[in-house]
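The values are calculated or read from the model by the stated rules, or taken from the named source; none is laboratory data. Predicted model, so just to flag it, every value in this text is computed and none were measured. All Cβ positions, glycine included, derive from the backbone under ideal geometry; neighbour counts span all protein chains shown. Ligands, DNA and RNA are stripped out before the accessible areas are found, and what is left, the full protein with its side chains, is counted by its heavy atoms. Shrake-Rupley method; radii C 1.70, N 1.55, O 1.52, S 1.80 Å.
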Amino acid sequence: MKELLLYMAKSLVDDPERVEVREIEGEDGGTTLELHVAPEDLGKLIGRQGRIAREIRTIVKSVAQRTGQKVTVE
């Protein structure tokens, strides 16, 4: 999941070198992926009314379900 999120984020921003993803294992067996980008690229990942961010979460969640994982994106 981490590689998928990195690929999508790097494709959308102007400064792909500053894209970072941290994996945090939860107590319930789920994983949280924290996405960090340059401040000037933040709007490109959020999109109008949060549409791009919502779609990124949907894609990652869909792939995670197919592989039997529980993943959230922040």
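Computed values, structure above
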| quantity | calculated |
| --- | --- |
| Relative contact order (percent, whole number), the chain, Cα cutoff 8 Å, 6+ residue spacing | 31 percent |
| Accessible surface of the chain [probe 1.4 Å, protein heavy atoms]: carbon and sulfur percent | 49 percent |
| DSSP bridge orientation in the chain - percent antiparallel, rounded to nearest 5 | 65 percent |
| Acute angle (nearest 10 degrees) that the helix 51-66 long axis makes with the longest principal axis of the chain, alpha-carbon atoms | 30 degrees |
| On Cα atoms only, tilt of 2-12 relative to the major axis of the chain in degrees | 20 degrees |
| About the Cα centre, charge dipole magnitude for the chain (Lys/Arg +1, Asp/Glu -1 at Cβ), debye | 460 debye |
| Relative intensity, log₁₀ I(q)/I(0), of the chain from a Debye sum that treats every alpha carbon as a point, q = 0.28 Å⁻¹ | -1.36 |
| Gain upon complete extension [ILE24, ARG54; 0.36 nm per residue less C-alpha separation] | 8.8 nm |
